[in-house]
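Encoded as structure tokens, the structure appears first; notes follow it.
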Amino acid sequence: MTAARYIEPKKSTNTFNELVARLTRMGFSVWGSRVLTVVGRKSGEPRSVPVNLLTVDGVRYLVAPRGETQWVRNLRFAGEGTLRVGKRVEGFTFRELADDEKPGILRAYLKRWKFEVGVFFDGVDAKASDEKLREIAPGYPIFEIFTK
């Protein structure tokens, strides 16, 4: 069995994420940012992290560019979460996409945020073939979001 793909954040990334989360909580969405809150699978306590909410053809998605992160594991366990911008908090459920469904979403995500997340895609960009995007898809959890 292959180990799940996970890229641990560097200290500078944590500092950047704290800034984005603070701005988002204040009501300033940074390029579509939201603060995702999910109950921790071990602690039972709410855990929050900034995420990029992607909308494609009116459908909303959360993509995990770092792979099997803590928020991904917690979301799968909890089955629901909240997304926040300022005082607006929205509860949601989700459906995790199968790998064959991911290429178009990965392409849209890279078009929108490659400047920020490209380093996590090992040289793959929005111009990659569907075949290449399908090849890397298992390392990038993607969730379709449904408002509660």
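The values are calculated or read from the model by the stated rules, or taken from the named source; none is laboratory data. Nothing here was measured: the structure is a model prediction, and the numbers come from that model. Here Cβ is always computed from backbone atoms with ideal geometry, including for glycine, and neighbour counts include all displayed protein chains.
Among Asn52, Asn74, which is the only one that is among the polar types (S, T, N, Q), closer than 26 Å to Met26 by Cβ, modelled with pLDDT of 95 or more and under 16 Å from the mean Cα position of the chain (by Cα)?
Selected residue: Asn74, the only one of Asn52, Asn74 that is among the polar types (S, T, N, Q), closer than 26 Å to Met26 by Cβ, modelled with pLDDT of 95 or more and under 16 Å from the mean Cα position of the chain (by Cα).
Which condition number does Asp57 fail, the rest of (1) in contact (Cβ under 8 Å) with a residue 60 or more places away in the chain; (2) within 20 Å of Ile142 (Cβ to Cβ); (3) of a type in the set (D, E, K, R) being met?
So Asp57 meets the others, but not (1).
Please work out which one of (1) closer than 17 Å to Tyr6 by Cα; (2) modelled with pLDDT under 95; (3) surrounded by fewer than 16 Cβ atoms within 10 Å (Cβ to Cβ) is the condition Phe121 fails and give its number.
The number of the failed condition is (3).
Return the pair list, or none, for Cβ contacts closer than 9 Å from residues in segment 14-26 that are modelled with pLDDT of 85 or more and exposed (fewer than 14 other Cβ atoms within 10 Å of the Cβ) to residues that are outside any helix (DSSP H, G or I) and small (Gly, Ala, Ser), at least 6 apart or on different chains.
From segment 14-26, the pairs are Met26/Gly86.
Does Phe120 fit the bill of being aromatic (Phe, Trp, Tyr), out of contact with any strand residue (DSSP E or B) (no Cβ under 9 Å at 6 or more places or on another chain) and assigned to a helix (DSSP H, G or I)?
So Phe120 does not fit the description; no.
Does any residue in segment 105-120 that is without any contact (Cβ under 8 Å) to a residue 12 or more places away in the chain come within less than 8 Å, Cβ to Cβ, of a residue that is outside any helix (DSSP H, G or I) six or more places away or on a different chain, and which pairs are these?
Between residues of segment 105-120 that are without any contact (Cβ under 8 Å) to a residue 12 or more places away in the chain and residues that are outside any helix (DSSP H, G or I), the close pairs are Gly118/Asp125.
If only one of Thr93, Thr24, Thr82, Thr69 is more than 18 Å from Phe143 (Cα to Cα) and hydroxyl-bearing (Ser, Thr, Tyr), which one is it?
Thr24
Restricting to segment 43-56, and then to whatever is surrounded by fewer than 17 Cβ atoms within 10 Å (Cβ to Cβ) and not hydroxyl-bearing (Ser, Thr, Tyr), can you tell me which residue is nearest to Glu116 (Cα to Cα)?
Of everything passing the filter in segment 43-56, Val56 is nearest to Glu116 (Cα to Cα).
Which residue, of Gly67, Gly40, is surrounded by 12 or more Cβ atoms within 10 Å (Cβ to Cβ), touching a Gly at 6+ places or on another chain (Cβ under 6 Å), of a type in the set (Gly, Ala, Ser) and over 19 Å from Phe115 (Cβ atoms)?
Gly67
Just give me the residues in segment 83-103 being surrounded by 18 or more Cβ atoms within 10 Å (Cβ to Cβ), touching a strand residue (DSSP E or B) at 6+ places or on another chain (Cβ under 9 Å) and not in a loop (DSSP other than H, G, I, E, B), in sequence order.
Leu83, Arg84, Val85, Phe92, Phe94
Under 9 Å between Cβ atoms, which residue pairs at least 6 apart in sequence (or on different chains) link something in segment 69-83 that is under 12 Å from Val49 (Cβ atoms) with a partner that is in a helix (DSSP H, G or I) and not polar (S, T, N, Q)?
Gly81/Trp71; Gly81/Leu75
Specify the residue that is nearest to Arg88 (Cα to Cα); the eligible residues are those in segment 125-148 that are buried (at least 19 other Cβ atoms within 10 Å of the Cβ) and aliphatic (A, V, I, L, M).
Applying the filter and picking the extreme gives Ile145.
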